[in-house]
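Take a look at the structure below.
The values are calculated or read from the model by the stated rules, or taken from the named source; none is laboratory data. Keep in mind the model is a prediction, meaning the values are calculated, not measured. Counting neighbours? That spans all protein chains shown, and the Cβs are built from the backbone with ideal geometry, glycine included. These area figures cover heavy atoms from the full protein model, side chains too; ligands, DNA and RNA do not enter into them. Shrake-Rupley method; radii C 1.70, N 1.55, O 1.52, S 1.80 Å.
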Amino acid sequence: AALDQDGTAATLDGLRREVTAGEAAMRAADRAAAAARAALAAARDEEARLRTPLADADRAAQRLDTEARTLQKLLAPASGGRWPAILDVITVAKGYEAALAAALGDDLDASADPAAPAHWDDTGAGDSDPALPEGVESLSRHVRGPAALLRRLRQIGLATASDGARLRALLLPGQRLVSREGDVWRWDGLTSAAEAPSPAARRLSEKNRLGDLEIEVQRARETVEQARAGLGAATEQARSAGQAETKALESVRETRRRLDQTRERATAAERKASETASRR
């Protein structure tokens, strides 16, 4: 039935259908808003969860960096030192620090600079020098440093504490044996038992520790960056979720406003239809 005689196109049935559709849209908007709130809460929880790993990784990186800087200062050549000791330019495999320190002793304090009063000259590889006893490994395989050291290192063999005395009898002049613990057996009979680590051995160990620390520091920094990137992504997700919630809430308000307007129109139309029917 027509609502009035003014040519209004809308019918009461049409408005009722609009109300029904508006109520369905309202329910959908409420569900979307609830989902947006839940997504925002989850995103914020994830953001908060990722802050702890980042803080932990950052503290670990700072601790390692502090330890590395401390060792760097300890290992730095003495200020004013004109000729650095050859010890400072040697790299020895881990576990062989005491052996090298015991084998060379104070000779490690000499410089690799030919201008130094006490220095190491490069006299070649010593290809014609006698070989170590058969089966005895040379310490040179575990040390990297100036070429001037090679000839000396090739004449230093590695032995266990139990085999040193026996193998010493096979040494030729100029040769010596050393254990990883620091025992020394020299070709001329001089024998030295391992004692507490010497300053040179400790310095070599600290150099190796510094090398390990530099790798650990790099890995720790990479972990920090990964954690920071993860937190950044979570923060961005929380920001996006917040925007989505804002839009969802705006949609709820707009949908409710339209529904209220439609209901008002429907109510007015019903009242008018009733009045018209009464007049008729």
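Brief remarks on what is shown
- Which listed residue is among the acidic types (Asp, Glu) and loosely packed, with under 12 Cβ neighbours inside 10 Å, from Glu214, Glu275: Glu275
- Checking Asp88, Asp106 one by one, the residue that is within 30 Å of Gln175 (Cα to Cα), touching a Lys or Arg at 6+ places or on another chain (Cβ under 9 Å) and acidic (Asp, Glu) is Asp88 and no other.
- Apart from one condition, Ser140 fits all of (1) outside any loop (DSSP other than H, G, I, E, B); (2) free of Cβ contacts under 8 Å to residues at least 24 places away in the same chain; (3) surrounded by fewer than 18 Cβ atoms within 10 Å (Cβ to Cβ); the exception is (3).
- Qualifying residue in the stretch 152-172 (condition: within 36 Å of the chain's Cα centre (by Cα) and either open to solvent by less than 40 Å² (accessible area, probe 1.4 Å) or more than 18 Å from Trp120 (Cβ to Cβ) (or both)): no
- Scanning the stretch 81-130 for residues that are of a type in the set (A, V, I, L, M) and under 13 Å from Arg151 (Cβ atoms) yields Leu104, Ala125.
- Against the test of being open to solvent by less than 60 Å² (accessible area, probe 1.4 Å), modelled with pLDDT under 90 and under 32 Å from the mean Cα position of the chain (by Cα), the options Leu50, Leu87, Leu64 yield a single qualifying residue, Leu87.
- Qualifying residue in the stretch 187-200 (condition: over 29 Å from Ala61 (Cα atoms), at pLDDT 90 or above and crowded, with 16+ Cβ neighbours inside 10 Å): yes
- Matching residues in the stretch 90-117 - criterion: being over 20 Å from Ala193 (Cβ atoms) and either open to solvent by 50 Å² or more (accessible area, probe 1.4 Å) or of a type in the set (Gly, Ala, Ser) (or both): Thr91, Ala93, Lys94, Asp109, Ala110, Ser111, Ala112, Asp113, Pro114, Ala115, Ala116, Pro117
- Top-ranked residue in the stretch 109-137 [being touching a Lys or Arg at 6+ places or on another chain (Cβ under 9 Å) and among the charged types (D, E, K, R); ranked as nearest to Gln175 (Cα to Cα)]: Asp129
- Going through (1) out of contact with any Asp or Glu (no Cβ under 9 Å at 6 or more places or on another chain); (2) more than 23 Å from Ile215 (Cα to Cα); (3) in contact (Cβ under 8 Å) with a residue 40 or more places away in the chain one by one, Gly126 falls short only on (3).
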